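Report on the structure given below.
Taken together, the values in this text are just the output of simple stated rules run on the coordinates, not laboratory data. Here the structure is a predicted model, which means the values were calculated and not measured. Every residue, glycine as well, gets a Cβ built from its backbone with ideal geometry; the counts of neighbours run over all protein chains shown.
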Amino acid sequence: MKDELIGYDAIALGELILQGEIRPAELLETVIQRIERVNPKLNAVIHKMYDQAREVAERRPAGGLFGGVPFLLKDLIAEYRGVPFHEGSQAVKGYISKIDTELVKRLKAAGLAIVGKTNTPEFGLVPTTEPSLYGATVNPWNPSLTPGGSSGGSAAAVAAGIVPMAHGNDAGGSIRIPASCCGLFGLKPTRGRNPLGPLFGDMGAGIVCEHAVTRTVRDSAALLDLTSGPDIGDPYQAPPKERPFLEEVGRKVGRLKIGFLSSIPEGWSIETQLHPDCESAVKDAARLCESLGHVVEEIAPEELSYTNLFKTFGNLFGCLTGHMIAYWEKELGRELRQDHLEPVTWASYQAGLKRTGADYLVVVEELQRFSRKLARWYDEGGYDMILSPTISIPPTKLGAFHLVPDDPMRWARMSNAFVGLTYIYNITGQPAMSVPLFLNEATVPIGVQFGGRFGDEATLFRLAAQLEQARPWADRKPPIHCSNPET
């Protein structure tokens with residue numbers, strides 16, 4: 001099972017195809033072998049699309065950066081016509097997608113060979129990947145731990161070397177959290193950068209974004225170049241980029257002003273203290289940025305405090321859950337009852353039903369006020385970005401997010417510990433990235449998050465490339481990996 005291509009990123013694989021050094025069909029069969037060998041230990045790929053991918057590979061889609069490169073699609077929001085689409089829910093099992101969503105059309109147009117779909121929690125509602133429909137995806141660094149969520153299946157597959165990048169989406173941290181847990185690069189783009197259509201234009205007041213988890217910064221930038229841009233009828237769009245994002249990778253960074261948080265501002269989270277490992281990770285990243293010539297200042301958390309921010313976001317999320325249930329009831333033509341849904345989903349749904357239309361609009365208005373406060377803070381202080389841990393605790397044990405009768409709010413507290421620093425940028429629409437700079441003493445990745453100015457993915461990509469060069473991470477391999485003969 002020796003695979004000489006392990007470690008190549010997507011751009012490098014595309015170059016091999018363009019140069020005629022490997023055929024797309026040959027590369028695809030190598031990836032299929034990886035899935036068959038490694039996925040039984042991961043449970044990351046839950047639907048195989050080998051026939052569809054072989055059709056793409058046999059057409060020899062040369063041209064472009066990613067022509068013929070294998071790719072995995074998360075089984076949430078993005079639909080591929082003619083294949084199962086379940087969003088991690090038993091209630092939706094058996095549904096077959098009727099269309100290609102716009103993002104999938106763009107992935108296909110880029111020549112990517114979509115070889116399978118990855119696991120996700122039910123409707124992407126919790127930051128772990130343990131749906132009752134397909135079972136838990138494990139973290140390749142430690143199979144007793146969560147890979148994060150909701151893009152945990154994609155992150156586990158990339159971290160284990162199955163593919164160099166995979167699709168993800170993000171409504172509160174669902175790209176950045178699994179990137180942190182699995183030691184990957186994960187960028188949430190600016191609101192409106194990638195399309196959600198044609199079925200959706202504005203999910204949850206604009207908190208939902210599409211993109212990917214990758215091993216390298218350049219793959220993330222190049223993929224965003226190929227997928228971004230407004231779709232017909234989009235309610236809004238991100239500011240236009242100055243140049244291709246790929247050209248930002250390696251471009252001179254300049255001297256940035258970075259504020260960093262070593263505790264959580266009041267109102268952002270139930271807890272304001274970080275786990276010591278996460279505090280160490282952010283201080284280590286601050287020192288690294290300072291050594292690279294940037295101005296780095298610790299932020300007094302009271303500067304960014306905002307009363308009941310997490311509770312307000314939770315109210316929005318309850319409404320979003322209700323929207324998802326209503327969507328599927330209409331699509332399936334039947335009511336979804338309690339026995340159709342997981343306990344956490346049902347609890348979130350019931351909470352959302354208590355909110356009126358007026359309540360929803362009040363929540364949206366309150367979150368927009370916070371967005372303006374944060375934008376003014378950036379401008380008045382001259383900051384380019386905020387540095388924080390991605391999540392406030394290291395990856396936790398699988399099962400920790402389950403609803404249990406004797407502690408019915410445990411799942412909510414655990415979710416808060418994972419999203420307490422990520423959901424901020426879903427509210428504001430700013431781009432944010434998790435960068436894998438740190439491993440704790442247990443050799444578990446601890447990501448750090450950089451939140452940039454609205455519309456400014458360019459500066460994030462420049463800084464990420466500088467950090468990647470200063471402290472390379474792409475060659476790190478977890479115990480469960482395609483290169484490990486024991487896997």
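Looking at the chain, send over the antiparallel percent of its DSSP beta bridges, to the nearest 5.
On the way: 30 of 43 bridges.
Here the antiparallel bridges make up roughly 70 percent for the chain.
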With the dipole of the range 297-449 worked out from charges on the C-beta (+1 for Lys and Arg, -1 for Asp and Glu) around the Cα centre, which of Ile391, Gly381, Pro301 lies farthest toward the positive end? Ile391
Mind checking which lysines have their Cα closer than 19 Å to the Cα of Lys283? Skip sequence neighbours fewer than 8 apart in that chain. Lys257
Membrane-span-like helices (DSSP H runs, Cα span along own axis at least 30 Å, mean Kyte-Doolittle at least -1.0) in the chain -> 309-332, 357-381
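Exposure proxy check: Thr137, Thr307 ranked by fewest other beta carbons within 10 Å? Walk me through the numbers on the way to the answer.
Working: Thr137 33, Thr307 10.
With the fewest neighbours first, Thr137, Thr307 line up as Thr307, Thr137.
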For Ala212, what residues show an amide H to amide H distance below 5 Å, using hydrogens built from the backbone and excluding near sequence neighbours? Gly168, Leu187
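Starting from the Cα gyration tensor of the range 78-141, take the square roots of the eigenvalues, sort them a ≥ b ≥ c, and report rounded, prolate or oblate (rounded when a/c is under 1.5, otherwise prolate if a/b is larger than b/c, else oblate).
Values: a/c = 2.38, a/b = 1.45, b/c = 1.63.
Since a/c reaches 1.5 but b/c is at least a/b, the shape of the range 78-141 is classed as oblate.
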I need the phi-derived Karplus couplings for the range 475-484: 6.51 cos²θ - 1.76 cosθ + 1.60, θ = phi - 60°, integer Hz, Gly and Pro marked x. 8, 5, 10, x, x, 8, 8, 4, 7, 8
Taking alpha-carbon centroids only, the range 120-164 lies from the range 10-37 a number of Å equal to 24
Setting aside same-chain residues fewer than 8 positions from Lys241, which aspartates and glutamates have a Cα under 18 Å from its Cα? Glu210, Asp219, Asp225, Asp231, Asp384, Asp456, Glu457
Quick one: which residues, 5 or more positions from Glu297 or on another chain, have an amide H under 5 Å from its amide H? H modelled 1.01 Å from N in the peptide plane, none for Pro or chain starts. Ile258, Gly259, Phe260
Which label belongs to the value computed from this structure, given these candidates for Rg/Rh (Cα atoms, Kirkwood Rh): (1) 1.03; (2) 0.94; (3) 1.16? (2)
Select from Gln350, Val253, Gly116 the residue farthest towards the positive end of the dipole of the chain; place +1 on Cβ of Lys and Arg, -1 on Cβ of Asp and Glu, and compute about the Cα centre. Gly116
Pull out a ≥ b ≥ c, the square roots of the eigenvalues of the alpha-carbon gyration tensor of the range 380-487, then state rounded if a/c is under 1.5, prolate if not and a/b is larger than b/c, and oblate in the remaining case. oblate
So which lysines can Lys105 reach, going by Cα to Cα under 16 Å and dropping same-chain residues fewer than 8 places off? Lys74, Lys117
